[in-house]
Amino acid sequence: MDDVDHRTRGCAGCLAAGVVGAPAALLAWAPNARVSVTGGFEQQHRDLSVLFVDLPLVAFGGALVPAVAWLLGLRVLGGRAWAAALVAVAALGLGVWGLTSWWTPYEQPEFVG
């Protein structure tokens with residue numbers, strides 16, 4: 001019975017981490033990508049590749065990083081769900097911080113002189 005309970009907690013936590021992680025990463029990413037989607041001043045900076053390349057990668061990474069952290073936390077910490085949840089939240093926070101500090105969309109200079 002303990003093995004089934006351990007698998008159930010692992011699957012439920014992994015699902016919860018993915019369901020929470022992907023929207024959190026997308027909400028942190030969206031304000032930076034706004035310039036590329038709207039184009040900025042006179043739509044000079046429009047680059048829709050952020051929707052086709054970056055959006056799926058950010059959503060996938062946002063779902064994958066906390067889920068893997070949850071599973072590793074369960075494995076390393078002996079099946080303690082609360083400790084694995086803390087590890088997953090910390091991994092999500094560090095991932096979102098890294099995303100917002102590292103990723104910036106390309107912006108062509110306003111005036112090329």
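Phi-derived couplings, Karplus 6.51 cos²θ - 1.76 cosθ + 1.60 at θ = phi - 60°, listed residue by residue for segment 63-72: 7, 7, 4, x, 5, 5, 4, 4, 5, 5 Hz, with x used for Gly and Pro.
For 101, 49, 36, the ranking by accessible surface with the largest value first comes to 101, 49, 36, using a 1.4 Å probe.
The values are calculated or read from the model by the stated rules, or taken from the named source; none is laboratory data. Keep in mind that what you see is a predicted model, and the values were worked out from it rather than measured. With ligands, DNA and RNA removed, areas are computed over all heavy atoms of the protein, side chains included. Shrake-Rupley method; radii C 1.70, N 1.55, O 1.52, S 1.80 Å.
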